[in-house]
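Beneath this line is the structure, given in structure tokens, with notes to follow.
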Amino acid sequence: MKKLFTIALAFAAMSSAAWAETIKVGVVGPFSGPFALQGKNFKAGIDAWFALNGNKVGGNDIQIVYRDVPQADPARSKALAQELVVREGVQYLAGFYFTPDAMAATALLQQANVPMVVMNAATSAIVAASPQVLRTSFTTWQTTTPIAKVAKDQGVTKVITLVSDYGPGIDAETAFKTAFAKEGGQVVESVRMPLSTNDFAPLMQRIKDSGAQGLFTFLPSGPPTLAFVKAFNDNGLKAAGVKFYATGDLTQESDLPALGEAGLGLQTTFHYAVSHDSPENKAFVAAAEKAIGNPAELSFPAVGAFDGMYVISKMIEATGGKQDAKKAVEAVKGLSWISPRGPVTIDAESRHITENIYLREVAKDANGKYYNKEIQTFEKQGDPGLAFVKK
Amino acid sequence: MQTVMSIAIDALAYGMVLFVISIGLSVTMGLMRVVNLAHGAFAMIGGYLASYAARDLGLGYAAGVLVAIIGTVIIAVPIERFLYRRIYGAPELTQVLMTIGITFCVIGITNFAFGPTLKTIPLPPSLQGSLDLGFRSIATHRIFAIASGLVVAALLWFLIEKTAFGIKIRAAVDNAAMTAALGVRTEIVYAVSFAVAIGLAALGGVLGAELLPVEPYYALRYMVTFLVVVSVGGAGSIPGALIASLLLGAIDTTGRYLAPEYGEFFFYLAVILIVTLFPRGLAGRLK
Amino acid sequence: MTNLLDVQSLRKNFGGLAVTNNVSMAMAPGDRVALIGPNGAGKTTFINLVTGNLQPDEGRVLLVGEDVTERKSAERVRRGLVRSFQVTRLFYDMTPEEHVALAVLQREGTAGQMFGHYARRMAVMEEVGEILDQLGLTELRTLKVREIAYGQQRLLEIAMAMALKPKVLLLDEPAAGVPQSETNRIERALDSLSPELAVLMIDHDMDLVFRFATRVIVLAAGTIIFDGLPKDVTQDQRVREAYLGSYANAGTAA
Amino acid sequence: MAVPMAHQPKPTLSIGKRFTDNGLLGVLAILIIGLLGYFLVPNNLALLTQIVAIALLVLSIDLVTGYCGVATLGHAALFGAGAYAAGIAAAHFGVTEPLTMTLIGLVGGALAGLVSGLVILRAHGLAQLVLSIAVIHLFHEAANKASGWTGGSDGLSAIMPDPIFGMFEFDLWGRTAYVYALLLLAVVFVALRLLVRSPFGMLARGVREDPIRIAAMGASAHSVVLRMYVISGAVAGIGGALSAISTQVVGLDSLSFTLSAEALVMLVLGGVGSLYGALIGTVVFMLFEDTLSAANPFHWLTIVGALLIAVVLFAPKGLYGTGLAVAGRLKRRPS
């Protein structure tokens, strides 16, 4: 019995040895189901990176192995991550759209000797869960905090917050309240909406009744944002001059055509706009649009994936293709480069990305295409949420 | 008082949208006795077709609605002929398996063909904007949805209660073998009923698109809502579905206004209460 | 000696229609009563009221002196009031052996036991074997009920009732649908019932009724119009009217 | 087997029959196939462990759906309750001994079974289905609200089970977890085998076919099904605890409508009303899903849908039921 087992193990070891010059990267994300669009953007970002940089780093081929977790499902995410490490022999884990999925997989990293590059999941605590986690996306705290300043600067002192009742929504609510209080503003009411809300009209009535001058909201990207914005306009709040503030999740580029006229003028803060004007971004967008097929589908997870691949390539360089998670992570601490979103740095201490946050407004270009127009830059923003992570 | 009025209007508008989308399911489940979990899939197909016709081909809203209804029915005909006909009268669980399978396929194919982004159906200028009621404003398309809902309810009631075809449907439901023996071709009755139900699904998908946006996962996302409406109303009953839609719309809307945090609890506790009190649906008691 | 079953002034309306109208009757140990009456007289409703499948609007049902009107039908069964169904209600995926064994176990109070197989218990198997043998079902004991003939299913209904060892047994048309060749099995089974037991039988088969019953009750339009000896029933004027009247009206009523 | 045994008043059970009756054959099959899995895919044991956990959920649905005829789309409530009970015990109260955690999961699941049984059994048919949907949404929302205990939508992590018996540590390869899972499944399977063949199991089958008949025998159909719901909760709870122990996280998805519906689909796929059907359905569906979604993470859902349709068309009694029928026909032909 034991002998058989040893043989099986030996086989497993041999097979990974034989593939040594191909370095595998396991990417876990939602590639089917309701969030398939975001998974598609992961892939587009990664493909764009390959298109611009080739798939060799220092003589090693990089191969991506995709695994699908359609909806937040930590048990499945962990099982797949485990399978990627043990069976596929991946040296890097990456992707992770949802926080619980990322959290679940962090438990494996140390024993597996594998670094994890979070390409989206936006809860501050993930990087604290293991010293082998890096993040190339953003946190909800990071993108929310600046909008409080924007509101104050526009003379708004009374705000009502409406957020979806789940982790990121609650994060956004807390972040906004904290930041807005620091600015001297007042949050008159905080409402949490169930994720399954279809009809937002009654909530609009609540906004009206609260007497707030402005609204801060956080909703997951996708169908609810459309209904929410339409309800805001249809119920006369826009006409009444109530200011609308949100993070960029609400105006992600792939939702803009659906929002149409209703979205015009919405102000959001975010780390990336597809329209960002820089040579790096032009190259990236060209490659990513080609990779995704339909340019209208390109959205923010792609840039997180693209930069994630950059960090992974640097780690491969630093270790010469050998599996050594500690050395790899050490090598990219403090790493700075020009991302399609602007200048960024992997913070040496938190391993989270420091980046510019932009205030953008939805506008229409000459071809009638809607885009997020950057109008103000908050430079070198770290993650204010880290201070609140329970140890 | 204004707030109460305002909530009442929201409740009515939401309830009527629920009605328009769910009534087709009530027909398949009540009259044809099929647990049709693919109802949302057909509504979604309708939405996609309308979006394609109205937005991408620029045919306009009215044409979009027509294309949606006719197109969805055409797509549904072979599905009825080759798949549904095999599960009429089969155990509920078999029907669940088959219709979930169909839903998965539709989702996958839509995702492949149209991509995962939201699709909108551009409204004609007359339905855009909102109507000022003095104390509040209401979106014009919602008024349109309310009116359409009432028209659909009336037409359907007329079809089932007052026409020869309606008699055949009701007879076939009561006793298919006996009806067949009387010379009624039940498979045609079933096929036509199915087509009507699918047409209603497509119409609902289009009319409700402002509230329940069209995207590939639509087919599963709202399935539970439709099921709840139909069973609370009593499958197969038009007045039942109407009352259930309005009632659930009212509960949902009030719950979301008064205690949005606990809106889910509010809604489902109410469902449990209603279903326990009226196990055969609201219409089961009204008769 | 208390009556085993005592029905007092039962009344039940459906809508405005009195289906059971002030019905009283009693049965003592050893009684063999036949309940007859024209179609629509309310016989099955009466049985359902007695067993608790329906709740009466007025009146009481006493079982061995205890008022069971408010009790659920299952509780009445546990107190010894057992019925068979007019249309067989059986478990079509189970075998006759399992049916009877289940009834025996239920009577013993061990049907809720969550381990062990009944076939391991000699006493149970012996009793099951006896009952099946008595009704000529032995050869079919391991077939699924859906595979056996309707007449045999009727016999199984009676077998289950017998296995429950009732004090009062209500048989709703036990011989309906049973081929002539097998009715004698039913008769023999009925003859073998404990003399302590009270039996109420509904049937249209007058031969069976007269052979079996020591007393006949005639129900018409929800009211008892005759309660007496079998030999007197055909002479009774009201009974004749009820039957002939119903024939006369049959054309318009149907 | 189906040939009537003429005049055999006291059938005694042969050793061979007893062997199959108690499901020893099934246990052997579970262990052999399980160990085969261990050696054939030694590096995907995490998936195999997940399959076992879900198999327990599917067995649990079979108890109420297959044996008692209750329609439910909310059974994950029982599984999730077990998972959260075990997870909360470990993360908040430091109960990290795996056997104890499993036991806590069992109790949590049984309680959830009692609660949902009390609600769901108040109606029949479609109404019952809707009640079960309401129940799962209420459980899900309650867990989302109680984020202090459950971690809300971020999931409950920091579950660190001790080594089993202080000897076998939960390793990266998932060997310990898998062996533990297989043994749990074997034990549960034997227990359920005994249960469904016991007088109570017979009573339950009777309820499925005709609750009025059961009442006419003096038994209470409601109490039978409610008891079965509690047992079913215990089984699902063990599955949930196993999932919490082996993956060391519990997410809201374990209390979701999606999981309930998927598990029901697996059951119908395998064949309702037989323990083997439940096991086969789970294994086939999950392996199929895993292979497909690995081969094509983008479009596998379509193929799963097609599979379900094919099963309804060509194997209407489920894989196991139809397999048995085909085997029976083949066997009968030569004689």
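We did not get these values from a lab; they are worked out from the coordinates using the rules stated. The structure presented is a predicted model; accordingly, all values stated were derived computationally and were not measured. Cβ placement follows ideal geometry from the backbone for every residue including glycine, while neighbour counts extend to all protein chains displayed.
Here are the numbers for this structure:
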quantity	calculated
Ranked list, fewest to most other Cβ atoms within 10 Å of each Cβ, for C:Asp191, C:Asp6, C:Asp93, A:Asp383	C:Asp191, C:Asp93, C:Asp6, A:Asp383
Positive-end residue, the stretch C:5-250 charge dipole about Cα centroid, Cβ charges, pick of C:Val100, C:Gly80, C:Ile36	C:Gly80
Near-label residues of the stretch C:1-33 by backbone N, under 16 Å of a point 7 Å along Cα→Cβ of C:Asp67	C:6-11
For the stretch A:44-115 and the stretch B:218-237, distance of Cα centres in Å	39 Å
Alpha-carbon centroid distance for the pair the stretch A:252-286 / the stretch A:134-197, whole angstrom	21 Å
Alpha carbon centroid spacing (whole Å) that separates the stretch B:172-197 from the stretch C:1-77	42 Å
About the Cα centre, charge dipole magnitude for the protein assembly as shown (Lys/Arg +1, Asp/Glu -1 at Cβ), debye	1240 debye
Helix axis angle, A:140-153 relative to chain A longest principal axis, alpha carbon, degrees	20 degrees
Residue pairs, from the table A:Lys40/A:Lys364; A:Lys24/B:Lys119; A:Lys158/A:Lys230, whose Cα atoms sit over 32 Å apart	A:Lys24/B:Lys119
Ranked list, fewest to most other Cβ atoms within 10 Å of each Cβ, for A:Trp141, D:Trp149	D:Trp149, A:Trp141
Span-like helix ranges in chain D, DSSP H, alpha carbon extent 18 angstrom or more, Kyte mean at least 0.0	D:24-40, D:45-61, D:76-93, D:98-120, D:125-145, D:175-197, D:221-247, D:257-270, D:275-295, D:300-314, D:318-332
For the stretch C:178-222, size of Cβ-based charge dipole, Lys and Arg +1, Asp and Glu -1, in debye	80 debye
Angle between chain A longest axis and helix A:301-319 axis [Cα atoms, degrees, rounded to 10]	30 degrees
Volume per residue of the C-alpha convex hull in the stretch D:170-270, rounded to whole Å³	120 Å³
Residue of A:Pro202, A:Pro74, A:Pro295 that the Gaussian network model of chain A assigns the largest fluctuation, springs spanning Cα pairs under 10 Å	A:Pro202
Cα-based shape type of the protein assembly as shown, given that a ≥ b ≥ c are square roots of the gyration tensor eigenvalues and the cut on a/c is 1.5	prolate
Cβ-based exposure ranking for D:Val272, D:Val284, in which fewest neighbours within 10 Å come first	D:Val284, D:Val272
Kyte-Doolittle mean at least -0.5, axial Cα span of 24 Å or more - DSSP H helices of chain B	B:2-26, B:61-82, B:92-114, B:140-162, B:186-207, B:238-258
Cα gyration tensor, the stretch D:24-256 - rounded (a/c under 1.5), prolate or oblate	oblate
Under 24 Å from C:Lys12, Cα to Cα: lysines that are on another chain or at least 8 residues apart	B:Lys287, C:Lys43, C:Lys72
At 1.306 mPa s and 10 °C, Stokes diffusion of the stretch C:94-149 via Kirkwood alpha-carbon radius, µm² per second	138 µm²/s
Summed side-chain charge close to A:Ala231 - residues other than A:Ala231 whose Cβ falls under 13 Å, Lys, Arg +1, Asp, Glu -1	+3
Candidates D:Leu111, D:Leu99, D:Leu126, ranked by Gaussian network fluctuation over chain D, Cα under 10 Å, top entry	D:Leu126
Under 28 Å from the Cα of D:Lys331 - lysines, other chains or at least 8 residues apart	C:Lys144, D:Lys10, D:Lys17, D:Lys317
Per residue, the convex hull volume that the Cα atoms of chain C enclose (Å³)	144 Å³
Spin-label model distance (nm) - B:Leu277 vs D:Phe93, 7 Å beyond Cα toward Cβ	3.8 nm
Aspartates and glutamates with Cα under 17 Å of A:Lys182, excluding same-chain neighbours fewer than 8 positions away	A:Asp153, A:Asp171, A:Glu173, A:Asp383
Between helix A:201-210 and chain A: long-axis angle, C-alpha atoms, 0 to 90°, nearest 10	60 degrees
Residue of C:Gln86, C:Gln152, C:Gln113 that the Gaussian network model of chain C assigns the largest fluctuation, springs spanning Cα pairs under 10 Å	C:Gln113
